[in-house]
Amino acid sequence: MVVFPVEDESRWTDSKGRVLPDAFLVPRGTTARQLAYRVHTDLGEGFLKAVDARRKRTLGADHPLEPGDVIRVVSHR
């Protein structure tokens, strides 16, 4: 399934303003923390929460992602 990590969940962009700049193919059942690790090890290790940009909900580390999710990872690193 495809999921989209972003830095700005309101505009669905990265730090340079590019809309949906990355897409990750991940297996069904992938969690928010697993996506964080796929993006960068530091994001996974410093994972605090994820934000579902479409639903405006906070997600925990073990929340399974759904196809087409647009996710912001919040990390302390």
**Asked** By how many nm would the segment from R55 to V19 lengthen if fully extended, with 0.36 nm per residue of separation less the alpha-carbon distance?
**Response** 11.2 nm
**Counting DSSP beta bridges with both ends in the chain, the antiparallel % (nearest 5)** = 80
**Item:** Share of pairwise Cα separations in the chain, more than 18 Å, in percent
**Value:** 30
**Prompt:** Taking H as built 1.01 Å from N, whose amide H comes closer than 5 Å to the amide H of V70, not counting residues under 5 places away?
**Reply:** F4, A53, R54
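For a quick check: sort V3, V19 by the number of other beta carbons within 10 angstrom, fewest at the front. Walk me through the numbers before you get to the answer.
Details: V3 20, V19 11.
Least crowded to most crowded, the residues run V19, V3.
Read-outs: derived from the displayed coordinates by stated rules, not from any lab. Computed from a predicted structure; not experimentally measured. No Cβ is skipped: glycine too gets one built from the backbone with ideal geometry, and neighbour counts run over all protein chains shown.
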